[in-house]
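Comments concern the structure below.
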Amino acid sequence: MTITKENWGQTQCGKEIFLYTIKNSKGAYVKLGSVGAAIQSVVVPDKDGNMADVVIGYNDPLSYFGDGPCAGKVPGRFANRIALGKFTLDGKEYELPINNGPNHLHGGPKGFQNQVWESRIEGDAVEFMYFAEDGEMGYPGNIKVVAHYEWSEDCELSLTLTAECDAPTLVNLTNHAYFNLDGEGSGSVLGHKLQINAKQWLPTSDSLIPLGDSEMVKDTPMDFTEEKVIGKDIEADFDALKFGKGYDNCWVIDNYEPGQLQLAAVLKAEKSGRVLEVTTTQPGVQVYTGNWLAGSPVGKCGRSYNDYDAVAIECQHFPDSPNKPGYPSTVLRPGETFQEAIIFAFKAE
């Protein structure tokens, strides 16, 4: 395993941006950038041994600031949506920036995904650290967040996310990588097959805020309990698909237990033979079929991505958890450690 570090550029105020490459003995590698602790590239073999980059992203590090897709980055302090940008914690109401219709999304416009994280090589891993101050984007408490990435000889990318705070606060962290297993820039991902380890999902309002209780996926277009072509039902006459112009919903992972790894989803591309298995310790998985990718910055393929060119599989706690007492808690208190894991395992068959 080799790890290299290079200066990737700098911000307008002169802060250095770094890019790390972790390569295994098979020649497969990942590139990780210090803007948003981003997965910039994942280059893995297909069924014939041909290498291709299977995540969307940008060559220009400045394109990672404020990009609509949030490509490959770690959003926070709260990934996904909080209704109306409001929540109450220990009897006090907090207001957050509104940046997605009537709601707060991914920690706000200056969330973790739009910050340069501190970074270092730590043994066979790369670590990124971000310290958010009390009041940043409206959230209470100082919080230190670490994203720890490892890459294996078996082409498994492991991400461990940890956080500690000095006052009660909220935290919900994920990685927002989008995948096209035929290669980024190769066209639509709607022909890929997807299986989600979830018999239940969270119906939402038209602004994609969960209504509350989960419902069974059976006999609906949300049923991916058996592998299914992503585009098969995407134009069905079904509210959730109309609200999001495709899939942008959270599924409740079967047999969730805090701290225990469970299969979240399996993605397959018949053309290349590549397979991605995603496992996690988190209770939910938000699947977003890139319904609004058009207009993104110029990608590594030399053009702006089109809608449905890739799919995001975001393991996380449920959207709007702070306003839903029945959901697994996203409250972090002093003396506690938030720790969750996501593993992206790449294979070919």
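So here's what we get for this one:
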| item | result |
| --- | --- |
| Largest-first ordering by accessible area, 1.4 Å probe, given options Leu211, Leu202 | Leu211, Leu202 |
| Relative contact order of the chain, pairs being alpha-carbon contacts under 8 Å that are 6 or more residues apart, as % | 18 percent |
| Among Asn142, Asn180, Asn197, residue whose mean-square fluctuation peaks in a GNM of the chain (springs only between Cα atoms under 10 Å) | Asn142 |
| When region 127-265 is reduced to its Cα atoms, the Kirkwood hydrodynamic radius in Å | 17.9 Å |
| Entries in Lys242/Lys268; Lys73/Lys271; Lys199/Lys242 that, when Cα-Cα distance is taken, lie over 23 Å | Lys242/Lys268; Lys73/Lys271 |
| Rounded to whole Å, sorted largest first: equivalent-ellipsoid semi-axes of region 225-349, Cα gyration tensor | 27, 19, 16 |
| Sequence-distant residues sharing a close amide H with Tyr247 (under 5 Å, placed H) | Thr289 |
| Solvent exposure, largest accessible area first (probe 1.4 Å, DNA, RNA and ligands not counted), of Met1, Met137 | Met1, Met137 |
| Interchain or long-range residues, amide H under 5 Å from Leu170's placed H | Leu332 |
| Tensor-based shape of region 78-129 (alpha-carbon gyration tensor, a/c under 1.5 rounded, otherwise prolate or oblate) | prolate |
| The chain - mean residue ellipticity at 222 nm from DSSP helices (-39,500 (n - 2.57) per run, n ≥ 4, rounded to 500) | -500 deg cm²/dmol |
| For region 236-349: relative contact order, % (alpha-carbon pairs under 8 angstrom, 6 or more apart) | 27 percent |
| Whole-number accessible area per residue in Å² for region 134-248, which is evaluated in the context of all protein chains at 1.4 Å | 40 Å² |
| Globularity index of region 155-231, i.e. its alpha-carbon radius of gyration over 2.2 N^0.38 Å | 1.47 |
| Alpha-carbon centroids, region 217-239 and region 127-156: separation in whole Å | 34 Å |
| Cα-based radius of gyration of region 303-349 once divided by 2.2 N^0.38 Å, which approximates compact folds | 1.75 |
| Solvent-accessible area, 1.4 Å probe, carbon plus sulfur percent, for the chain | 46 percent |
| Solvent accessible area, Å² - Arg303, 1.4 Å probe, full protein context | 70 Å² |
| Most mobile of Thr160, Thr337, Thr169 in a GNM of the chain (Cα contacts under 10 Å) | Thr337 |
| Backbone HN-Hα couplings from phi across region 107-118 [Karplus 6.51/-1.76/1.60, Hz, Gly and Pro as x] | x, x, x, 10, x, 4, 5, 10, 10, 8, 8, 5 |
| With all protein chains modelled, accessible area of Val252 [1.4 Å, Å²] | 30 Å² |
| Two-decimal log10 I(q)/I(0) for region 90-183, as the Debye equation yields it once each C-alpha is a single scatterer, q = 0.24 Å⁻¹ | -1.33 |
| Computed lengthening from Asp134 to Lys242, 0.36 nm per intervening residue step minus Cα-Cα distance | 35.1 nm |
| Kirkwood Rh in Å, taken over all unlike Cα pairs in region 1-70 | 13.0 Å |
| Region 100-120-region 325-349 distance, computed between alpha-carbon centres (Å) | 18 Å |
| Amide H contacts of Ala265 (H built 1.01 Å from N, under 5 Å, at least 5 apart or other chain) | Asn197, Val278 |
| Per-residue HN-Hα couplings for region 269-277 [Karplus 6.51, -1.76, 1.60; θ = phi - 60°; Hz; x = Gly/Pro] | 10, 5, 4, 8, x, 6, 10, 10, 10 |
| Solvent exposure, largest accessible area first (probe 1.4 Å, DNA, RNA and ligands not counted), of Asp219, Asp134 | Asp219, Asp134 |
| Set Lys232/Lys324; Lys15/Lys110; Lys193/Lys218 screened for pairs whose C-alpha atoms are more than 21 Å apart | Lys232/Lys324 |
| Relative contact order of region 68-170, pairs being alpha-carbon contacts under 8 Å that are 6 or more residues apart, as % | 20 percent |
| Cα convex hull volume per residue for region 49-120 (Å³) | 149 Å³ |
| Region 1-130: C-alpha pair distances exceeding 21 Å, % | 49 percent |
| In sequence order, calculated HN-Hα J values of region 287-294 (Karplus, 6.51, -1.76, 1.60; Hz; x Gly/Pro) | 9, 10, 8, x, 5, 10, 6, 4 |
| Whole-percent pair-distance distribution, where bins are 10 Å wide, for the alpha carbons of the chain | 6, 27, 37, 24, 6, 0 |
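The values are calculated or read from the model by the stated rules, or taken from the named source; none is laboratory data. Since this is a predicted model, take the numbers as computed values, not measurements. The accessibility values were calculated without ligands, DNA or RNA, using every heavy atom of the protein model including side chains. Shrake-Rupley method; radii C 1.70, N 1.55, O 1.52, S 1.80 Å.
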